[in-house]
Amino acid sequence: MNMTPTGFGLLSLLMLVPVLGALVIAFIPEQFPKAIKGAAMVFSAVTLLVSLVVLGGFQVGTYHMQMVEFVPWLNQLGIHYRVGIDGVSLWLVVLTTFLNLIAVWFSFYIDKRVKVYFVMTMVLLAAMLGVFLSLDLILFYTFFEASLIPMAVMIWIWGGEKRNYAAIKFFVYTFAASIFMLIGMIVMAKLNADVSGTWTFDLTAIQGNVASGQFWANPEAARMAPMLFWAFALAFMVKCPMFPFHTWLPDAHTEAPTAGSVILAGVMLKMGTYGFLRILLPLFPEQVQANVPVIMALGVIGIIYGAIVAAMQPDLKRLVAYSSVAHMGFVVIGIFSLTHDGMMGGSYQQLNHGISTGALFLLIGLLYERIHTRLFSDMGGLKAQMPIYSAIFLVIMLSSVGFPTLNGFVGEFLALFGSFQAAQAGFNGTGWYVPVVSGIGVILAAVYLLWMFQKVFYGELNPKLARLKDLKPWEIAMSGCLVVMAIWGGLFPNTFLGPMEKAVNATRQMAINPPGSRPTWTDTSLEIADNGDLVRVLPRAVNGDMHYQEPLAVVAPGNLHFDVPALTEPRVEQQHASALKTQGTEVAN
Amino acid sequence: MDPTIPQIDWSTVMPVVIVVLTGVAALFVEMFSPRRNNNAIVGVSLAGLAIAGGYVVKQFGMADGPTFGGFILRDQLGLVLQLLLIGVCFVAFLFSEGYLREKRIAFAEFYPLALWSTSGAMLMVTTTNMLELFLGLEVLSIALYCLAGMSRQESKSEESALKYFLLGAFASAFFLMGIAYLYGSSGSLDLAGIGTAIASGKSGLQPMAVFGLGMLLVGIAFKAAFVPFHQWTPDVYQGAPTNVTGFMAAASKIAAFGALIRVLDAAVPIQANWFPAMYWICILTMTVGNLAAVVQKDVKRVLGYSSIANAGYVLVAVLAHIKAPDKVGLGTAVYFLLAYALMTLGSFAVVSLAAKGGKEGTRFSDMHGLWKRAPFAVTCLIVFLASLIGVPFTGGFVGKLLIFSDALAAGMPLLAIVLAVNSVISVYYYLGIMQATFVDDEGAVKTSHAKPGLGLNIALLACVVGVFWVAIGADGVRATLGLSAGPKPVSAQTESTTLVARGQAE
């Protein structure tokens, strides 16, 4: 990757706007809550606009990092300001700014300590964007951790009854998991310095050495590989959260204020799965392949366990919280199927879960503002009272169930299909139970979500709720945005799948291809062709348009799901003669 | 004896002299115009410290070397720690004013004593002579004993002073005994001489040297509050006036580490005898400090235990340096001390705001409502606590990052892991403090509270900017501190070439 400093650009602006917003809000006196809310709204909208500009400038035809900004920072420590965006992070960035705007909009209900609240929202927004944009491990860790404090404070001050417990649990859990990731990062930098001679936390540089096979060929690295893998994996598994590390989630989600829940479920959980895609798969290919059975098993358990526990909850918000455990399980099995379709589904499901669960929390919040309870036993018969609300709720609920024509269906289907393919081929030891049991999970989701809908909207009307007002126009607009996204995502999934495809495919090949034929972010002459092959294009063709001539030098075929060794043998001969020799002798024996 | 008077490089001792004289001057101000002199005392003290600081800065880049017949040594470590001590004293003075008024403590007692205490600490870090070390230690300690008992209306303060004095005197005795044994075994009072004597390995004297070193380390461990010599810390921290606690937590720790580093460096040849002990003391210090802090109900006790834990973190860096001096410099230890001083002083400055009605307010419940009264201070407190936890991108985070990489580079992964686990434990009580400030204080009776004055706000701002600046400008800060071996690309290069060679051989 380009090592010359580029200065700050659009992506920095994207993070800078919320920071500026926080500063501006901090200087508005507390007596003017409307001004504070207005400022927060303006800055959120501007952030969304900037992210749309990023989206507009995004080039679909490449898997490489785009709009990369590199500013030298701490040379002695090898920590630099390095940000960039690719297909994996693109939609998460847009999702973040979009959900944030909705959350801020909803937060007009807040009337306690307004100023701190919106300052925290803005800081949180900047930190979350930073996670998705960082290309430096320490920078990534910085934002990963920095997002904890505003979220913990939000739960603390504006949370429900058990907010104290929930906030501390949330913080301790995540911090505990990620501090070992920090040690892992230092060890990775040291091992990288062993092979390359430079001390750096640059993700792209380390991945370059991993892709060439140099990194893990170091015997010391090979010895520590499992420990390093789990140091990183556990941090992301807690964040996701995956069974059995999910126990912080129901408390945090339930106690957080509505906007906090929307952000927590919509964006912060995705930091975990994003970590899988951005760091775990590219840096630990062998370990990922070896540990697929374990992670798949935990993902499947999460799907079933989350669904069963969700079905038992007496509280609307807790039910949705546990449903998140189940839904994130689909993301995980999609990603770790390591097939093209599965990973596309997993990546897409991240967005869908953000929209549908974010919307569910939002709707629950709207209801809570009216009736101040979330218990099923206090509800019933709301359909007649609030027809518009129930219609919107129905669409969102069906999207969460995975109803065809809505976005959840596409993601879950692709994830299941991918795990089916992997199971059929016995890819990385993926068993048949994965698609089968997860499929049952889809049915269970329908069971508890429909049950919830029935409890809330049908049956006898609770007399206390007789004079309920339906949604106001601005509330309809707010939740309507999410409904539109859910339908759009279901009918035209290619809008979202298209731009992410090459990057997701490259990530997949980073994880499954043998050393030497893995895509890297540092080698700009590598590219993913339209048929999914990893090809080498002429360097001059990389700049600007992609007019490469046929036939392209295929480095690794892309449609291989199952038969890697057979197809890649010739190339192995060229680059890894010694490795092949050992293989050959083994075959001969 | 050589009758010639040694050449004296006065510039080396000027900072210490100025600090001592400033203390005297502050006392004179009190004498000549009682009652209307408080601001003058503060002004004189701050000005004196600033001049002393200037003299220290001037010495950067001058040639290292001993003067006063080897009693005073100028080197990078000493200069940096001196500057740090002056800074600590300066910040402590800035935020003390309002608190002292609130508690009706005479200004003329606090400022001169704190200055003299600082001068003792500064002596401690600029010498390798054992007698001088002891002299510095005593000047530092005796002034601190008085400071701890300064709030005479409160029995807790008196208890704290007495406890500190008795245990401190005991530790000093150990220290002195250690010097005696080391002198007996080596015939030298200078650490360099002792080091050569130890290294020469004169057989029968070895056990004596080891014993003496052990006694000496007990004395230092007491000052630095390592487990199991930490028992005094929470009581003294709790009882002493809050500004004194802040000063004590930062200054005496810096001085003790200055002494510890020099002693351990000299004792490297016999490290087989003491390294395992220090290794386990380090683990214990981190773990016990944090676990004990979790169950405390008093903010100052929590911070006291947290300072014990932090001493353990610094010890990790020091031990890494001892274990692998070629790979790991002392820069990390000094860097962490700097970050620690900033965040600890800042935290105590905010806690001093909880004083009300002329009394100490240090329970968690006394922190309630602080958010309403002093939003800026609480915002700063959040930053300090985040830094103590190690949330990026603060000084505490970079400090821990450096300690992690040093421990790993020195081949002590266990210490790194224990440190990581302890960081997690510490989250709980730091968050507890943070949370207490946000609780509304509606039922409480209206009392007069210590108000965040200008000095306190400046001190807090300086600490917050400092906490961020040492992290964001870590390159520059570490270059200024010097002393770093750091992660070396050069050695990595050689390793990689051997690796390549190995690969080719295969």
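The values are calculated or read from the model by the stated rules, or taken from the named source; none is laboratory data. Being a predicted model, the structure only gives us computed values, none of them experimental. Reconstructed Cβ throughout: ideal geometry from the backbone, glycine too, with neighbour counts over all protein chains shown.
Listed by position, the helices (runs of 4 or more DSSP H) inside the range B:174-290 whose residues that are closer than 27 Å to B:Asn310 by Cα number at least 3 are B:206-224, B:232-239, B:242-266.
Here is a yes/no grid of residues against (1) at pLDDT below 90; (2) touching a strand residue (DSSP E or B) at 6+ places or on another chain (Cβ under 8 Å):
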site: A:Ser347; (1), (2): no, no
site: A:Gly354; (1), (2): no, no
site: A:Phe361; (1), (2): no, no
site: A:Ile364; (1), (2): no, no
site: A:Phe376; (1), (2): yes, yes
site: A:Ala384; (1), (2): yes, no
site: A:Met397; (1), (2): no, no
site: A:Phe403; (1), (2): yes, no
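Do you know which residues across the range A:157-200 are in a helix (DSSP H, G or I) and more than 20 Å from A:Val238 (Cβ to Cβ)?
A:Ile157, A:Trp158, A:Arg163, A:Asn164, A:Ala189, A:Lys190, A:Leu191, A:Asn192, A:Ala193, A:Asp194, A:Val195, A:Ser196
Of all residues in the range B:373-388, at least one satisfies being over 22 Å from A:Leu23 (Cβ atoms), within 24 Å of the chain's Cα centre (by Cα), within 14 Å of chain A (Cβ to nearest Cβ) and of a type outside the set (D, E, K, R). In the range A:116-129 there is at least one residue that is at the interface with chain B (Cβ under 10 Å from one of its Cβ atoms) and modelled with pLDDT under 90. Applying the criterion of being crowded, with 23+ Cβ neighbours inside 10 Å and over 18 Å from the mean Cα position of the chain (by Cα) to the residues of the range B:104-128, the residue that is nearest to B:Asp265 (Cα to Cα) is B:Thr128.
Among the conditions (1) within 14 Å of another protein chain (Cβ to nearest Cβ); (2) among the β-branched types (Val, Ile, Thr); (3) surrounded by 21 or more Cβ atoms within 10 Å (Cβ to Cβ), the only one that A:Val71 does not satisfy is (3). A single member of B:Gly48, B:Gly70, B:Gly53, B:Gly61 is in a loop (DSSP other than H, G, I, E, B) and buried (at least 17 other Cβ atoms within 10 Å of the Cβ), and it is B:Gly70.
Condition (residue is crowded, with 22+ Cβ neighbours inside 10 Å and either in a strand (DSSP E or B) or within 14 Å of another protein chain (Cβ to nearest Cβ) (or both)) applied to the range A:23-30: is it met by at least one residue? Yes, the conditions are met somewhere in the range A:23-30.
From the list A:Trp216, A:Trp230, which residue is within 25 Å of A:Ala503 (Cα to Cα), out of contact with any helix residue (DSSP H, G or I) (no Cβ under 8 Å at 6 or more places or on another chain) and more than 11 Å from every other protein chain (Cβ to nearest Cβ)? Of the residues listed, the single one that is within 25 Å of A:Ala503 (Cα to Cα), out of contact with any helix residue (DSSP H, G or I) (no Cβ under 8 Å at 6 or more places or on another chain) and more than 11 Å from every other protein chain (Cβ to nearest Cβ) is A:Trp230. Can you find a residue in the range A:443-456 that is surrounded by 14 or more Cβ atoms within 10 Å (Cβ to Cβ) and within 22 Å of the chain's Cα centre (by Cα)? Yes, because at least one residue in the range A:443-456 is surrounded by 14 or more Cβ atoms within 10 Å (Cβ to Cβ) and within 22 Å of the chain's Cα centre (by Cα).
Among the residues of the range B:401-417, just one is more than 10 Å from chain A (Cβ to nearest Cβ), farther than 14 Å from B:Val314 by Cβ and part of a helix (DSSP H, G or I), namely B:Leu414.
The selection criterion, being facing chain B (nearest Cβ under 10 Å), over 27 Å from A:Gly84 (Cα atoms) and hydrophobic (A, V, I, L, M, F, W, C), holds for A:Met224. A:Ala35 meets the conditions (1) within 24 Å of A:Thr520 (Cβ to Cβ); (2) free of Cβ contacts under 8 Å to residues at least 24 places away in the same chain; (3) assigned to a helix (DSSP H, G or I) in every case but one. The failed one is (1).
The residues listed here are B:Asp64, B:Asp2, B:Asp75; of these, the one that is modelled with pLDDT under 80 and over 17 Å from B:Leu115 (Cα atoms) is B:Asp2.
Within the option set A:Ala415, A:Ala384, A:Ala422, being in a helix (DSSP H, G or I) and in contact with a Ser or Thr (Cβ under 7 Å, 6 or more places away or on another chain) holds for one residue only, A:Ala422.
Please determine, by comparing only the residues of the range A:180-196 that are within 17 Å of A:Ala211 (Cβ to Cβ) and either among the basic types (Lys, Arg) or more than 27 Å from the chain's Cα centre (by Cα) (or both), which one is farthest from the other protein chains (Cβ to nearest Cβ). Within the range A:180-196, the match that is farthest from the other protein chains (Cβ to nearest Cβ) is A:Leu191. Out of the residues in the range A:135-168 that are surrounded by fewer than 21 Cβ atoms within 10 Å (Cβ to Cβ) and either more than 7 Å from chain B (Cβ to nearest Cβ) or at pLDDT 90 or above (or both), state the one that is nearest to B:Val421 (Cα to Cα). That would be A:Tyr165. Screening A:Pro565 with (1) modelled with pLDDT under 85; (2) assigned by TED's automatic domain parsing to the domain that holds A:Ser356 gives one miss only, at (2). Scan the range A:450-460 and tell me whether some residue there is more than 25 Å from A:Ala310 (Cβ to Cβ) and either in contact (Cβ under 8 Å) with a residue 40 or more places away in the chain or not in a helix (DSSP H, G or I) (or both). Scanning the range A:450-460, I find no residue that is more than 25 Å from A:Ala310 (Cβ to Cβ) and either in contact (Cβ under 8 Å) with a residue 40 or more places away in the chain or not in a helix (DSSP H, G or I) (or both), so the answer is no.
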